[in-house]
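Input: a single structure, listed below in structure tokens.
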Amino acid sequence: MNLIAQQNSLVVDVTYNCNAKCHYCQWGNNKTAGRVNQPDEYIYISNDTLKHLQTDRIVFSGGEPLLRQDLEKIIAHYKQTNVVSIVAITNGFLLNQQRIESLVNAGLTGITFSIDSFEPTTAFETRSYNQIQIEKVKSNFILALSLKEKHKLEIGINVVLSSANIQNKQIENLISFTNNFPLDWIKFQPIFDDGYVGANAPHLLL
């Protein structure tokens, strides 16, 4: 893995819609109020404000950012600013070569995958993924990595550590798998009880 230089990041939630049903995330529950796209005034931050905040890295989050059909337009806005990196966090379901090319052409410089485990029981327990969905995420992850050098993409993984994947060498197995690819980094985030997890998936707490 390569080390990414520390940058002053600003996270922009572009939508709270999501096409996954992660048990520990309120946006994976279709009964959660507020599962809508964020309005433009929350998304299109001016270059003057970015300069004032000394922002050089924009991270699109959600929800699932790739559900926004205008994500390329949003990316293009930030490409015209002084930021150095523009990254989207995704579960990977909606990626394909055409969409990756489109996002990169708009100005995207990196993709962060949300992956906790490729082990079927764990993936189902944490994110409700079935085997087909697991293979979809894995193949799209490998696809993005195959385009990394061509587009000078930064590729990383966010891993939520929970009681489901912290045992049985699952983290070691995930790291061993990613060591076969030119991945830039892996970030491990212990599961956080924001109130939703404790009420809906307390068994996942560490």
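The values are calculated or read from the model by the stated rules, or taken from the named source; none is laboratory data. What you are looking at is a predicted structure, and each value in this text was computed from that prediction instead of being measured. As a convention, Cβ positions derive from the backbone with ideal geometry for all residues, glycine included, and neighbour counts pool all protein chains shown. Just the protein is used for accessible areas: all its heavy atoms, side chains included, with ligands, DNA and RNA removed. Shrake-Rupley method; radii C 1.70, N 1.55, O 1.52, S 1.80 Å.
Mind telling me which of 31, 21, 187 comes out most flexible in a GNM of the chain, alpha-carbon contacts under 10 Å?
It is 31.
Residue by residue, what Karplus-based ³J(HN,Hα) values in Hz, rounded to whole numbers, does region 192-200 have, using 6.51, -1.76 and 1.60 with θ = phi - 60° and x for Gly and Pro?
Karplus-based 3J(HN,Hα) across region 192-200 equals 10, 8, 8, x, 6, 4, x, 7, 10 Hz.
Pop out the carbon and sulfur fraction of the accessible area of region 1-149 as a percent, whole number, probe 1.4 Å.
Numbers: 3650 of 7270 Å².
After summing per-atom areas, the C and S share lands at 50 percent.
For Cα pairs less than 8 Å apart in space and 6+ apart in sequence, what is the mean separation divided by the residue count of region 1-96, i.e. the relative contact order in percent? Display every interim value, and only then the final one.
Values: 143 pairs, mean separation 32.8, N = 96.
Once divided by the residue count of region 1-96, the mean separation gives 34 percent.
In a Gaussian network model over the chain where Cα atoms closer than 10 Å are linked, find which of 42, 16, 78 has the largest mean-square fluctuation.
Of the options given, 42 has the highest mean-square fluctuation.
In whole Hz, what ³J(HN,Hα) sequence does region 145-159 give by Karplus (6.51, -1.76, 1.60; θ = phi - 60°), x for Gly and Pro?
Those phi angles translate into 5, 5, 9, 4, 5, 4, 9, 6, 7, 8, 10, x, 10, 9, 10 Hz.
Using Cα pairs under 8 angstrom and six or more residues apart, how large is the relative contact order of the chain, in percent?
On the way: 353 pairs, mean separation 44.3, N = 206.
Answer for the chain is 21 percent.
Under 4.7 Å Cβ to Cβ, no partner at all: give me those cysteines from the chain, in residue order.
Among the cysteines of the chain, those whose Cβ sits 4.7 Å or more from every other are 18.
Just want the answer: with Cβ charges of +1 for Lys and Arg and -1 for Asp and Glu, which residue in 182, 75, 164 is farthest toward the dipole's positive end in the chain?
182
Output the antiparallel fraction of DSSP beta bridges having both residues in the chain, as a percent to the nearest 5.
On the way: 1 of 25 bridges.
Around 5 percent antiparallel, to the nearest 5.
Taking one equal scatterer on every alpha-carbon of region 74-117, how large is log10 of I(q)/I(0) by Debye at q = 0.19, 0.27 1/Å?
Ignoring solvent entirely, the Cα scatterers give -0.59, -0.99.
Summing Lys, Arg as +1 and Asp, Glu as -1, what charge do residues with Cβ under 15 Å from the Cβ of residue 71 carry, residue 71 excluded?
Numbers: positive: 68, 73, 79, 99; negative: 13, 40, 64, 70, 72, 101.
Local charge sum for residue 71: -2.
In debye, nearest 20, what is the charge dipole magnitude of the chain about its Cα centre with +1 on Lys and Arg Cβ and -1 on Asp and Glu Cβ, if you could check?
280
Calculated from DSSP H runs of 4 or more alone, at -39500 (n - 2.57) each and per residue, what is the 222 nm mean residue ellipticity of the chain, nearest 500?
Values: 9 runs with 71 residues, N = 206.
When only DSSP H runs of four or more count, the value is -9000 deg cm²/dmol.
Suppose R0 equals 25 Å. What FRET efficiency, 1/(1 + (r/R0)^6) with r the Cβ-Cβ distance, do residue 172 and residue 194 give to the nearest 0.05?
Details: r = 28 Å, r/R0 = 1.11.
Computed FRET efficiency for residue 172 and residue 194 comes out at 0.35.
Once you charge only the Cβ atoms, +1 for Lys and Arg and -1 for Asp and Glu, what is the size of the charge dipole of region 103-187 about its Cα centre, to the nearest 20 debye? Working shown, then result.
Working: 8 positive and 8 negative charges, 41 e Å.
Roughly 200 debye for region 103-187.
If all Cα-Cα distances of region 108-206 are sorted into 10 Å bins from 0 onward, what percent lands in each bin, rounded to whole numbers?
15, 45, 30, 9, 1
Normalised by the residues of region 74-131, what does the relative contact order come to in percent, with Cα pairs under 8 Å and at least six apart?
Details: 50 pairs, mean separation 20.6, N = 58.
Computed value for region 74-131: 35 percent relative contact order.
Note down, for the chain, the three equivalent ellipsoid semi-axes (square root of 5 times each alpha carbon gyration tensor eigenvalue), biggest first, whole angstrom. Walk me through the numbers before you get to the answer.
Numbers: eigenvalues 145, 87, 51 Å².
Semi-axes, largest first: 27, 21, 16 Å.
Tally Lys and Arg at +1 and Asp and Glu at -1 over the other residues with C-beta under 9 Å from the C-beta of residue 85: what net charge comes out? Could you put the intermediate results ahead of the total?
Numbers: positive: 57; negative: 56, 154.
The answer is -1.
Write down the accessible area per residue of the chain in Å², having rolled a 1.4 Å probe over the full set of protein chains.
Numbers: 10390 Å² over 206 residues.
For the chain, the per-residue accessible area is 50 Å².
How many times 2.2 N^0.38 Å is the alpha carbon radius of gyration of region 7-72?
Details: Rg = 13.3 Å, N = 66, 2.2 N^0.38 = 10.8 Å.
Scaled against compact globular proteins, the figure is 1.23.
Mind computing the radius of gyration and Dmax over the alpha-carbon atoms of region 120-165? Å is fine for both.
For region 120-165, the Cα-based Rg and Dmax read 12.9, 38 Å.
Under the Kirkwood approximation applied to all pairs of distinct alpha-carbon atoms, what is the hydrodynamic radius of region 82-159 in Å? Spell out each step's value before the answer.
Numbers: mean 1/r = 0.0770 Å⁻¹.
It works out to 13.0 Å.
Taking H placed 1.01 Å from N in the peptide plane, check which residues at least 5 places from residue 13 or on another chain put their amide H under 5 Å from its amide H.
61
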